[in-house]
Amino acid sequence: MGTTFALLGAASAALFAGVGSAIAVGRAGQAAAGAVTEDPSLFSKVLILQLLPGTQGIYGLLIAFIALGRIGIMGGTLPGDDVALGLSYFAACLPMAVVGLISALQQSKASVAAIALVEKRPDQFGKAMIFPAMVETYAILALLISILAINGIPA
Amino acid sequence: MAVLPMKRIQIIGMNKDRKTVLELIQRLQSVEIPEAVSGQSSDTLETPKDDIFAKVDTSDARAIFDKNVQVAQEALGVLNQYAPEKKSLLDSLNGKRELSLQEFTERGNDGELVIEKARRILGLQKELIEARSEIPKIEAQIEALHPWVGMDLPLNFRGTSRTKAIIGAFPEKLSEEEIVTTIAGYAPDMTGIDVDVISSSDEQTCILLLCLKEDGDAVEEALRRMNFARPPLSDVVPSKQIEGLRGDLERAQKEVERRKTQIAKYAPERENLEFVSDYYKMRSDKYDVLGRLSRSKRTFILEGYVPERDVAEVERKLTAAADVYVEFTDIAANEEAPVLLKNNFYSEPVEGVVENYSMPSKGEIDPTVPVSCFYYILFGMMLSDAAYGLIMALATGILMLKYKKMEYGMKKTLRMFFFCGIGTIISGVLFGSYFGDMIPVVSRTFFGKEIQVWCWIDPLNQPMKMLVLSFAIAIVHLFAGLGILFYTDVKNGKIKDAIYDAVFWYMLVGGLIVFGLTTDIVLNMLQLSPFVPASVGQVGAIVAAIGAVGIVLTGGRESRNWFKRLLKGLYALYNVTGYLSDILSYSRLLALGLATSVISQVFNKMGTMGGNGFFGIIMFIVVAILGHSLNLAINALGAYVHTNRLTFVEFFGKFYEGGGKKFTPFAMNTKYYKIKEEN
């Protein structure tokens, strides 16, 4: 049971954050493709903006990987039947899973808007890049808490 | 670290020298000629509604030049489509080709001829498109005739003297009997019909129907109720017609090919087209500026800005080239002059970052140097892999050495990533990451003995330590920003503002941090052992309190009402949470650094799954190359974006507003060529 819960946590971090990023990058990609049809020279700029909401998926992977490393799927000690320990891992992974999903979706909106901005005023790329990056802060904070929590669980 | 001082320039000369002067200025590329000089007092020579001096509308001439540029560009586009130039991505780093002034003028004189050729290319392209649009039409006709191939009568066959022939199709699959019975059902009086099914498929049944002339109307009525449709009429037998159409198709295809080769024959004109595109762009720009000059019958006046360092050169060259009077004046106190930055070799590359945000406005200092002090370090911490840093530094370094002639902007960008690469190497060494954990993994898997690398902090196993380091950097970065605010205020003579807005905040935030480091809760959270004596913590608390009181009292000093002032002061104090979130924001240094190393580890682990052996080694190499290139690309992008964010939001938020206008000299905005300047 313990191992199952821990695995559930690790999986949901990769799962939800990954799903969020996939949807978000897809949305931003549509907007980016639209911008490139108007002006192909914008490609590299809008590509960066498209990729911005993709980081949540990477953070999710990161948490999943650290958690898997700790719970013994890839080395380390298995929680075995220790339900409390398993649940601790599950809880530690939650911030990344939930915040990763939602922040990716929200960030994609900022990205789409930033792509529209760059389409109209390509010289304002530097500023356009910051708006989606603001949303990402919260994914980073969640990542931080998840890392600290996993590390704090006595193995 | 400097915003270059500007001078106003006024040039007065004879109209006959106008062209020479303008062309010289365009080549010098160091004079900006604005639409209207701002902050101008009315008693200068240039008054728009003057009887003697007037501006001349040059938009017609410009429109012609712009059209030529467009024609040349379109022709180039067509050429690239049908006779693509063999060009690698790196060739674009070679920079613009150089021409001497004489060559440039000579080739410019033949500009019209080249434009004529460009028009011919566009004409050919038009014919090609027309020919090509014929092809699907013909194909559709052939397609429509296909079901009728088996018929040996033309489709417009009407019948003989006694009989009526009806040719057409039903939109469904029907057999001969079904057709005959259905028609007989609808038209019971008719004498008889003969139905010949030419072809039938699931979608349609094509028939030739014969009946007596007098039954014609009744049969047609019956057919109408069965959704009968007539084919396109033609007096040729279908199979013959298809043959004819095939011939047309072939001719159209040949025509397309012929036009393509004709266009491709113009490939040697590419250079000329590029040249005229540049040539007319320059002339268009020149006429734009010409429209900004005030002219009288014989003289003209030109006003603009020139950086002080170029004053002597501009004057010398202008007076040598023509009989002109050149005058330089200082910028007025209320005048927003365009901004040109000048920095040392190390800081210069991040000028682009500053420019992306905004140029410094009047009174602000150029933040480039402080930005550069942190930029490469922050970038390095986020990418934090010595091997990735080495790849970046080597790649950009080699490009810079190999392509000496590349455009200056490109050079600056490459140099920025070169320094970022160096920063990444340093932090990679400090945190013991070389392609993630490749050294221990490889030594363990393939050599049987694990080699550990030295590191100062291992971020993966000591994340708290790394977090504390990130926060420490945050505090240094933010305090540096506050320090620049202090410096700017002092420099502008606003000593009081400097104390209110910078010193009080130093006291409050600094004091709080010192105090915090003596409390158990903070120390436990950061997993630190107490290292600040309690007495120092108390001093910190007192200093913070003084700072807080100062902020409350001065934070709303622009309000006259004391009550409002106090409220605003309290609100200003609330901004201390802003400092907290600013500092927390630097945890991305840890997070992004971890992202790089964890993904590297994932790939390294995947690579070793083949075990030790010939195929294991091959697999490791393949996985490592693919995986690490991907990781480097994604994380370099992330590091770049978030370094910019920390600079723009956290760092600039403390002291920098910007809003200045970039110095854009009247210059050669060309794409392919530039004029070699001889002294």
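Among A:I102, A:I115, A:I145, the residue with the largest mean-square fluctuation in a Gaussian network model of chain A, with springs joining Cα atoms closer than 10 Å, is A:I145. Contact order for the range A:5-76, expressed relative to its length and based on alpha carbon pairs under 8 Å spaced 6+ residues apart, stands at 49 percent.
Net charge near B:Q125, counting Lys/Arg +1 and Asp/Glu -1 over other residues with Cβ under 12 Å of its Cβ?
Working: positive: B:R119, B:R120, B:K126, B:R132, B:R259, B:K260; negative: B:E74, B:E127, B:E130.
Cβ neighbours under 12 Å give a net charge of +3.
Translational D (Stokes-Einstein, µm²/s) of chain B at 10 °C and 1.306 mPa s when Rh comes from the Kirkwood sum over C-alpha pairs? Present the calculation step by step, with values, prior to reporting the outcome.
Details: Rh = 33.6 Å.
Here the translational diffusion coefficient equals 47 µm²/s.
Would you mind classifying the range B:489-537 by shape? Square roots of the alpha carbon gyration tensor eigenvalues, ordered a ≥ b ≥ c; an a/c under 1.5 is rounded, otherwise it is prolate if a/b is larger than b/c and oblate if not. Note, shape of the range B:489-537 comes out prolate. Normalised radius of gyration (Cα atoms, divided by 2.2 N^0.38 Å) for the range B:351-478: 1.30. Placing unit charges on the Cβ atoms only, positive for Lys and Arg and negative for Asp and Glu, gives chain B a dipole magnitude near 2380 debye about its Cα centre. Under the criterion of Cα pairs below 8 Å and six or more residues apart, the relative contact order for the range B:545-679 equals 15 percent. Of the chymotrypsin sites (Phe, Trp or Tyr not before Pro) in the range B:339-429, the ones in a loop by DSSP (not H, G, I, E or B) with at most 16 other beta carbons within 10 Å are B:F345, B:Y346. Taking every alpha-carbon pair in chain A and binning the separations at 10 Å intervals from zero gives 13, 36, 24, 16, 9, 2 percent. Modelled spin labels at B:D235 and B:S443, positioned 7 Å past Cα toward Cβ, are 9.5 nm from each other.
Between B:I495 and B:A472, the FRET efficiency from the beta-carbon distance, with R0 = 35 Å, is close to 0.70.
Its alpha carbons give the range B:587-679 an Rg and a Dmax of 23.1, 67 Å. Here the range B:502-623 is treated with +1 on each Lys and Arg Cβ and -1 on each Asp and Glu Cβ, and its dipole about the Cα centre works out to around 460 debye.
Taking label positions 7 Å along the Cα-Cβ direction at both B:T182 and B:E127, the computed distance is 5.1 nm, reported to one decimal.
For the range A:2-152, what relative contact order do you get, as a whole percent, if you take Cα pairs closer than 8 Å and at least 6 residues apart? Walk me through the intermediate numbers first.
On the way: 279 pairs, mean separation 56.1, N = 151.
Answer for the range A:2-152 is 37 percent.
To one decimal place, what orientation-averaged projected area in nm² is obtained for the convex hull of the Cα set of the protein assembly as shown? All intermediate terms of the calculation are to be shown ahead of the outcome.
Values: hull surface 230.4 nm².
The Cα convex hull of the protein assembly as shown, projected and averaged over all directions, gives 57.6 nm².
The B:A332 and B:L4 beta-carbon pair, evaluated with R₀ = 22 Å, returns a calculated FRET efficiency of approximately 0.80. Projecting label points 7 angstrom from Cα along Cα→Cβ for B:H146 and B:K412 puts them 6.1 nm apart. In plain terms, the bigger the Kirkwood radius, the slower the diffusion; for the range B:464-585, with that radius from Cα pairs, at 10 °C and 1.306 mPa s, Stokes-Einstein puts D at 103 µm²/s.
Apply 1/(1 + (r/R0)^6) to the Cβ-Cβ distance of B:D520 and A:M134, taking R0 = 41 Å, and write down the FRET efficiency to the nearest 0.05. Mind dumping the intermediate values first?
On the way: r = 34 Å, r/R0 = 0.82.
The formula returns an efficiency of 0.75 here.
All of the numbers you see were taken from the coordinates with simple rules; none came from a lab. It should be emphasised that the depicted structure is a prediction, and the values quoted were computed from it without experimental measurement. Here Cβ is always computed from backbone atoms with ideal geometry, including for glycine, and neighbour counts include all displayed protein chains.
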